[in-house]
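K.L.:
Below are the structure tokens for one structure; questions will follow.
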Amino acid sequence: MITRVSNEVQATHCPAELIERKAISANLAILRFRVSEQPSFTAGQFATIGIAVDGELVERPYSIVSSPHEPFLEFFIELVPGGSITPRLWGLKLGSVILVRRRIVGQLILDTDVTHHLMLATVTGIAPFVSILRTQQIEREHGATTNHQFVVIHGASQSADFGSYRNELEQLSRAGWLTYIPTVSRPWAEPNWQGESGRIEDIVRKYSDQLAFDHCNSVAYVCGHPQMVANVKAILERARFSRDQVKEEKYFSLDAID
Ligand SMILES: Cc1cc2nc3c(=O)[nH]c(=O)nc-3n(C[C@H](O)[C@H](O)[C@H](O)COP(=O)(O)OP(=O)(O)OC[C@H]3O[C@@H](n4cnc5c(N)ncnc54)[C@H](O)[C@@H]3O)c2cc1C
């Protein structure tokens, strides 16, 4: 995919080779890349992926799913038909090379001033939270003592869209420091679905109150669809979370598609 890059781009970007691809549905996939020099980052941050489009480097940000302790970069990506980058990412073959900016940034990282973390994600918005939770798990396995507690509410229209992360987070939740709540917004399409139903907005107050992850002790992290982010921020504000207690990452702008 990338054949020749300028010296300027070489200084700021690293080649990244596609080493694994898992299709979750027709428009959701998990991609893993081996980067020539694994960049340093904090769990919860995002990478900027660059791909050649008509000879120009086009870049988009993607939250990193993998932990900084893992030797690859993993992404959970939704195909946007007609988009500049995602149809090209779908066209990559194993061994294809793209570019990743060396500098990894983002504010959706663990706030270590509190012990209770309320994480809310639509579909691919789970990415930064998986990175944080994998990191917690790996560090706990290596003897780290931490008293962080997590509640993750993961929303999607159908359960297939949780991908393998549902199973991964259900496994992690057995250790007692994570409560994982997947919720589907079209339960009528899945009569056998046993879990929560409704949008994140419909159930966030219930779990925040029930599990006592509230404005007295918690930070909330909200990631993914901009409408969910806006709705949940308003709900948390009414639940007395201050601005400093809510971190957000919107994956696109509603204005752009109006
Ligand atoms: C900090 C950050 C982290 C992100 N992390 C992820 C991630 O982990 N996984 C992921 O899949 N995406 C993520 N995104 C979105 C990603 O950067 C791209 O915007 C998206 O993949 C579309 O890129 P594109 O070039 O194919 O489409 P573009 O050419 O950029 O967009 C085409 C049109 O589609 C709209 N659009 C973009 N995304 C969507 C969407 N999901 N649904 C509906 N319309 C959309 C755009 O606003 C635009 O109008 C993130 C965005 C940000 C800001």
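The values are calculated or read from the model by the stated rules, or taken from the named source; none is laboratory data. Keep in mind that what you see is a predicted model, and the values were worked out from it rather than measured. Virtual Cβ from ideal backbone geometry, glycine too; neighbours counted across all protein chains shown. Heavy atoms of the whole protein, side chains included, go into the accessibility calculation; ligands, DNA and RNA do not. Shrake-Rupley method; radii C 1.70, N 1.55, O 1.52, S 1.80 Å.
K.L.:
Going out from 0 in 5 Å bins, what whole percent of all Cα-Cα distances in the range 71-182 drops into each bin?
P.N.:
For the range 71-182, the binned pair fractions read 2, 9, 18, 20, 19, 15, 10, 6, 2, 0 percent.
K.L.:
On to the next question. What is the Cα centroid distance between the range 62-140 and the range 208-251, reported in whole angstrom?
P.N.:
20 Å
K.L.:
Using a 1.4 angstrom probe on heavy atoms only, work out the carbon and sulfur share of the accessible area of the range 19-146 in %. Present the calculation step by step, with values, prior to reporting the outcome.
P.N.:
Working: 2780 of 5560 Å².
Here carbon and sulfur together make up 50 percent of the probe-accessible area.
K.L.:
Rounded to the nearest 500 deg cm²/dmol, what is the calculated helix-only ellipticity per residue at 222 nm for the chain, with -39500 (n - 2.57) per DSSP H run of length n ≥ 4? Before the final figure, lay out the partial values.
P.N.:
Numbers: 7 runs with 64 residues, N = 258.
After summing the helix terms and dividing by residue count, I get -7000 deg cm²/dmol.
K.L.:
Now a separate question. Can you give the accessible area per residue of the range 145-258, in Å², using a 1.4 Å probe? Write down the numbers at each step before the final one.
P.N.:
Values: 6170 Å² over 114 residues.
So the range 145-258 comes to 54 Å² accessible per residue, rounded to a whole number.
K.L.:
Rg and Dmax of the range 1-123, Cα atoms, in Å?
P.N.:
14.9, 48
K.L.:
What figure in square angstrom, to the nearest 10, would you give for the accessible area of I153 with a 1.4 Å probe?
P.N.:
0 Å²
K.L.:
Quick check: net charge around T48, other residues with Cβ under 11 Å of its Cβ, Lys/Arg +1 and Asp/Glu -1?
P.N.:
Neighbour charge sum, excluding T48 itself: +3.
K.L.:
Work out from phi, with θ = phi - 60° and the Karplus expression 6.51 cos²θ - 1.76 cosθ + 1.60, the ³J(HN,Hα) of each residue of the range 65-70, listed in order in whole Hz, and give x for Gly and Pro.
P.N.:
With the stated coefficients, the range 65-70 comes to 7, 6, 7, x, 7, 9 Hz.
K.L.:
Could you identify which residue out of P128, P71, P15 has the top mean-square fluctuation in a GNM of the chain using Cα springs shorter than 10 Å?
P.N.:
Checking each option, the largest mean-square fluctuation is seen for P71.
K.L.:
Could I ask something else about it? Please work out the ratio of the alpha-carbon Rg of the chain to 2.2 N^0.38 Å and round it to two decimals.
P.N.:
Working: Rg = 18.4 Å, N = 258, 2.2 N^0.38 = 18.1 Å.
Its radius of gyration relative to the 2.2 N^0.38 Å reference: 1.01.
K.L.:
Taking 7 Å along the Cα-to-C-beta vector as the label spot, tell me the A11-Q171 distance in nanometres, rounded to one decimal.
P.N.:
Distance between the two pseudo-spin positions: 4.3 nm.
K.L.:
Please state the relative contact order of the range 35-189 as a whole percent: Cα pairs under 8 Å, 6+ residues apart?
P.N.:
Working: 246 pairs, mean separation 35.8, N = 155.
The normalised contact order for the range 35-189 reaches 23 percent.
K.L.:
Then there is this: Could you tally up the Lys pairs in the chain with alpha carbons closer than 17 Å? Skip any pair fewer than 8 positions apart unless they're on separate chains. Numbers along the way, then the final one.
P.N.:
Details: K22/K93; K206/K233; K233/K247; K233/K250.
For the chain, qualifying lysine pairs total 4.
K.L.:
Hey, could you pull the Cα Rg and Dmax for the range 114-258, both in Å?
P.N.:
14.9, 50
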